[in-house]
Amino acid sequence: MPLSLRARLWRRILRRMYNKQLAEIADSRLREANIAAFSRYVTRGVRVARFEIEGHPAAWLGPEGTTQDKLILYLHGGGYVSGSINTHLILCLPMTQVLQRTILLPEYRLAPEHPFPAALEDALDVYRALLRQGYSPRNIVIAGDSAGGGLSLATTLALREAGDPLPAAVVCLSPWADLTNSGASHLRNAAYEPALTAEDLRRWATWYAGSTPLTHPLISPVFADFRGFPPLLIQAGSQEILLDDACQLAQVASAAGVDVTLRIWQGLWHVWHALGSLIPESGQAFEEIREFIRSKE
């Protein structure tokens, strides 16, 4: 299916917004804050209730009248160095409306001030808090985009190793799953990718990993053992530089016996979902997620 006119327009806009490397962490966070301003254009009629969970800022998102018995624990992206509730409202508000399911969107500590395993510890704290509050793991799906996709994988792997009940499924949107950044798509798709550069990814990976090797399976889940992992949906764009992360992840998980669905969206870039209701391809991807989750219930 050809890209929509709006998607083609926004690809040009994104190229202008992301046309330089971000040498300083403040640059990354300022750019994310500017992008968050677009959230005022997203779908209305969705409640946003902010609170704290285990000391972390968080928000409940959901269409009016939606119950919280089945939920998505959504871990935001941002290269482990930026991202927040505000930056991801533009993605998560239309997502919750399409899914007709409540989203819990927490924040976690960011690198370089808080390197690995800080983000993982925070995600585990939130998930375990949900279990203590009485949520059934069968009614929880862990999802995330980019670094949040990698963190979703690492969180589930760590839960498995600790013997905790696992979520019903995991959904990864353009996951950053190999922080060694060794995929050939870094070069192959560099000319097409409007949202990321390989240089920025290398810098963020170093900030996040700190003194831990980049091949650690909870930093780069493509090096993990996925036996016993719950059903996994991976969405990626054919023109993103992290395409090989998604493909390698699917291959490794499938070889371990995991129920894996890999969906490569033609002509799209890294986390196109982040444009929310601004382009129709985001809503179509959310519909695919909705059907995947329903099929695993």
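Quick note: the coordinates plus some simple rules give every number you see, no bench work behind them. This is a predicted model, so every value here is computed, not measured. So basically every Cβ, Gly included, is an ideal-geometry build from the backbone, and we count neighbours across all protein chains shown.
Annotations
- Potential lengthening between GLN100 and SER182 on full extension [0.36 nm per residue; Cα-Cα distance subtracted]: 25.8 nm
- Along principal axes, Cα extents of the stretch 5-296, largest first, whole Å: 47, 43, 35
- Among LEU131, LEU278, LEU73: highest mean-square fluctuation, GNM of the chain, C-alpha pairs under 10 Å: LEU131
- In terms of its alpha-carbon gyration tensor, the stretch 154-297 comes out oblate; a/c meets the 1.5 threshold, while b/c is at least as large as a/b.
- Most mobile of TYR18, TYR74, TYR208 in a GNM of the chain (Cα contacts under 10 Å): TYR18
- Kirkwood-based shape ratio for the stretch 79-163, expressed as Rg/Rh from alpha carbons: 0.96
- Residues LEU9 and GLN133, FRET efficiency given R0 of 45 Å [Cβ-Cβ distance, rounded to 0.05]: 0.55
- Tail beyond 17 Å, pair distance distribution of the stretch 255-297 (Cα, percent): 41 percent
- Comparing SER185, SER220, SER152 in a Gaussian network model of the chain, where Cα atoms under 10 Å apart are tied by springs, the biggest mean-square fluctuation is seen for SER185.
- Annotation note: GluC sites (Glu not before Pro) in the stretch 58-145 located in DSSP loop regions with a Cβ neighbour count of at most 15 within 10 Å are GLU64, GLU113.
- Only the Cβ atoms of Lys and Arg (+1) and of Asp and Glu (-1) were treated as charged; on that basis the dipole of the chain about its Cα centre amounts to roughly 840 debye.
- The simple spin-label model puts a point 7 Å past each Cα toward its Cβ; for GLN284 and ASP164 those points are separated by 3.6 nm.
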